[in-house]
Amino acid sequence: MQVLRVSFLLRLLACCGVCAVVRADDSVASAGAGILRVATFNCSLNREVAGQLERDFQTDGNLQARKVARVLRRVRPDIVLLNEFDFAEPSLAAELFVKNYLASEAAWVEEAPLQYAHWWTGPVNTGVPTGRDLDHDGKTDGPGDAFGFGRFPGQYGMLLLSRYPIREREVRTFQKLLWRQMPDALLPVDPKTQQGWYSEEDLSLFRLSSKSHWDVPVEVNGAVLHVLASHPTPPAFDGAEDRNGRRNHDEIRLWRDYLTAGSDGWIRDDRGVAGGLATNSAFVIVGDLNADPVDGGSVAGAIQQLLDHPRVLSEPAPVSGGGERAASEQKGINQQHRGRAEEDTADFSDRSVGNLRADYVLPSRGLRIQSAQVYWPLAGAGTELVQCSDHRLVYVDLHWP
């Protein structure tokens, strides 16, 4: 399947690129002049069957999509990655979402229309069959036997929206990079046999990325920002072999090595071009990375591979008042967490996992952060909108250039 690279102008061209100020009682202030607002949002716009998302968006009546759109219209990011947005080719769902929800002026929405002149999406590994019994359940055609867990190709996909032009010909994707190509990969071992969980036949085709990894160059006022987008597998839903936790670690490591001169020799994109990101390139890592710095079930040190990277500006961490209150009120396993609840970005089961920091916007050093926030309102207008997903939108305001 060829990568789908799409950039379009909405009919209301005169409105494109205008970042309107939200209402005075909204909890999010306008980004302001000279500020670039970059966000990530696991919006949970995934469906159980192929094509359902497109059907849901034929009109503006889907209640979940309305809430997702209203969150975006309140925060008004200049660039935003949407995780768990089902992919299909052609990606009509993306176009319909922008048209019928983000740009809508219907009575159900209070916020000003939000225009994105450019967007980019492409194939992901979720739901793509391998013909192998990867989860060891005796079958070869289940969702756990796909290159990435999924019931159909494209489930849990990704969509990048941008007010600024995307250099489509320069986009790099790493969907097909094999896991075993990574030096010293954390390949899982079956604790019963002490043999590799995956056979040699499995590893000859098994891909590292559970969805995909994208390097999308966006041209912002004459300078280029590389948007490094991904959605590593959750470190859960496996067994003692920890195959998903190990894969999550190595999916995060791909970006670490991509930024590290000398350790990127093994990296080759889907066009066959080798190497990582030039040392003088500005970038921002975005996505649901499914790894908390201290809590949850990820492999120790997984997200620190990025938070401690010399090219990454990881402070200040995005925060919210709503996350802190949620952990206090929901209690459960949250009471055992060591991390700062105000940095949580996901509201998971309070009995098994608790609220975690899973979603990240990490710019490169050399850029300056004006503010970093999680859209998790403490009270008032907008608090009901977060029910659209178990994740919260995370955004960082950058001085640009």
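Structure data summary
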read-out	value
PRO183 being over 19 Å from the mean Cα position of the chain (by Cα), surrounded by fewer than 18 Cβ atoms within 10 Å (Cβ to Cβ) and farther than 20 Å from THR126 by Cβ	yes
Any hit, the range 336-347, residues being under 29 Å from SER212 (Cβ atoms), surrounded by fewer than 17 Cβ atoms within 10 Å (Cβ to Cβ), modelled with pLDDT of 95 or more and of a type outside the set (A, V, I, L, M, F, W, C)	no
Only listed residue being among the basic types (Lys, Arg), within 19 Å of GLY297 (Cα to Cα) and crowded, with 19+ Cβ neighbours inside 10 Å, chosen from ARG247, ARG256	ARG247
Enumeration of residues in the range 276-329 that are among the hydrophobic types (A, V, I, L, M, F, W, C), over 23 Å from VAL220 (Cα atoms) and in a loop (DSSP other than H, G, I, E, B)	LEU289, ALA291, VAL294, VAL299, ALA300, ALA302, ILE303, ALA317
Residue in the range 55-77 that is under 22 Å from ASN290 (Cβ atoms), at pLDDT 95 or above and touching an Asp or Glu at 6+ places or on another chain (Cβ under 8 Å) present	no
Those residues of the range 264-275 which are touching a residue at least 24 places away in the same chain (Cβ under 8 Å), in a loop (DSSP other than H, G, I, E, B) and not β-branched (Val, Ile, Thr), in sequence order	TRP266, ASP269, ASP270, ARG271
Leading residue by the ranking (farthest from ASN355 (Cα to Cα)) among those in the range 389-401 that are out of contact with any Ser or Thr (no Cβ under 7 Å at 6 or more places or on another chain) and not in a strand (DSSP E or B)	PRO401
Pairs, first among the basic types (Lys, Arg) in the range 53-69, second in a loop (DSSP other than H, G, I, E, B), C-beta under 8 Å, six or more apart	ARG66/ASP60; ARG66/TRP108; ARG66/VAL109
Any hit, the range 296-303, residues being free of Cβ contacts under 8 Å to residues at least 12 places away in the same chain and touching an Asp or Glu at 6+ places or on another chain (Cβ under 6 Å)	no
Check on ARG368, in contact (Cβ under 8 Å) with a residue 24 or more places away in the chain and either within 28 Å of ASP257 (Cα to Cα) or surrounded by fewer than 16 Cβ atoms within 10 Å (Cβ to Cβ) (or both)	yes
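The values are calculated or read from the model by the stated rules, or taken from the named source; none is laboratory data. Source: prediction; values computed, not measured. We place every Cβ from the backbone using ideal geometry, glycine too, and count neighbours over all the protein chains shown.
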